[in-house]
Amino acid sequence: MANICCIDIVILGERKDLDFLNDKFNPDISETEFLKTIGVKENLDDYELRGYIDCCEYDEDQDALKMYICHAWSPCYDFIDLIRSRLDVTIYYYAEEFNCEIVETNDFEGEWFPQRYVINSDLLDEYIYIDDNKELSKVLKKEFNIDISEKDLNLEGKLNEVEEKLNTFAEEKGGFISLYKVKLEA
């Protein structure tokens, strides 16, 4: 599958519904097969179901079902909507597909997915997930020697200025750096 969109999902609801979903999971089950096993009756050919569920587990401490899905090109909106049509559950997701510039969540409050920025670079060992402007300001200073205040990051156009500075830094080091602002989707 080209351009894999990786999606973390948190499902909240009554324990019986979460157990029902968890019991229907099999490793690497496709979205389509999973929806059929939970009793979704719609013609699934009419939906964008282009992925598989990599893992699914109930988190006792957080009283939530967590899934990890690999989906082609985009977040699995139809999959989420079809589960909601079958069960009275709340579903939060965080999706990233850097090649398509998709970094988004529907967790407006940041309860499950607090990250609001992601830095991706071949100059770093791993992605940097950042929860707010204060943290972004600190990371930019520490990792890239870019000095910009938390307050200034709120100003129109300042994020573009930061991206330009990151590009200059990356060019000087012979690599790439991408800063993504997490898009909030309903």
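The values are calculated or read from the model by the stated rules, or taken from the named source; none is laboratory data. It should be emphasised that the depicted structure is a prediction, and the values quoted were computed from it without experimental measurement. As a convention, Cβ positions derive from the backbone with ideal geometry for all residues, glycine included, and neighbour counts pool all protein chains shown. Quick note on the areas: whole protein, heavy atoms, side chains included, nothing else; ligands and nucleic acids left out. Shrake-Rupley method; radii C 1.70, N 1.55, O 1.52, S 1.80 Å.
Just the number, please: carbon plus sulfur as a percent of the accessible area of the chain, 1.4 Å probe, no ligands or DNA/RNA counted.
Answer for the chain is 42 percent, counting heavy atoms of protein chains only.
Could you point to the residue in S30, G174, N99 farthest towards the positive end of the chain's charge dipole, with +1 and -1 charges on the Cβ of Lys/Arg and Asp/Glu respectively?
Toward the positive end, the furthest listed residue is G174.
Under unit Cβ charges (Lys, Arg +1; Asp, Glu -1), what dipole magnitude, rounded to 20 debye, does the stretch 1-151 have relative to its Cα centre? Intermediate results must be reported in sequence, preceding the final value.
Details: 15 positive and 37 negative charges, 34 e Å.
It works out to roughly 160 debye.
Go ahead and set up a Gaussian network model of the chain, Cα springs under 10 Å, then flag whichever of L153, L123, L12 fluctuates most.
L123
Quick one: Cα centre-to-centre distance for the stretch 136-186 and the stretch 64-100, in angstrom?
Answer, in whole Å: 28.
For D54, what residues show an amide H to amide H distance below 5 Å, using hydrogens built from the backbone and excluding near sequence neighbours?
Counting only residues 5 or more places away or on other chains, the set is Y68, I69, C70.
Straight-line reach from K138: which aspartates and glutamates have Cα under 12 Å away, leaving out those fewer than 8 places along the same chain?
Result set, ordered by chain and number: D147, E150.
Would you please calculate the Kirkwood hydrodynamic radius of the stretch 11-79 over all C-alpha pairs and express it in Å, rounded to one decimal?
Evaluated over the stretch 11-79, this radius sits at 12.6 Å.
If you roll a 1.4 Å probe over the heavy atoms of the protein chains, what accessible area per residue do you get for the chain, in Å²? Before the final figure, lay out the partial values.
Working: 10300 Å² over 186 residues.
Value for the chain: 55 Å² per residue.
Over 27 Å between Cα atoms: which of K41/K183; K66/K165; K141/K181 fall into that group?
K41/K183; K66/K165
Under the rule of -39500 (n - 2.57) per DSSP H run of 4 or more residues, summed and divided by the residues of the chain, what mean residue ellipticity at 222 nm is obtained, to the nearest 500 deg cm²/dmol?
That comes out to -9000 deg cm²/dmol.
Provide the three semi-axes, in whole Å and in decreasing order, of the ellipsoid equivalent to the stretch 45-170 as defined by the square roots of 5 times the Cα gyration tensor eigenvalues. Mind dumping the intermediate values first?
On the way: eigenvalues 215, 57, 39 Å².
In descending order the semi-axes read 33, 17, 14 Å.
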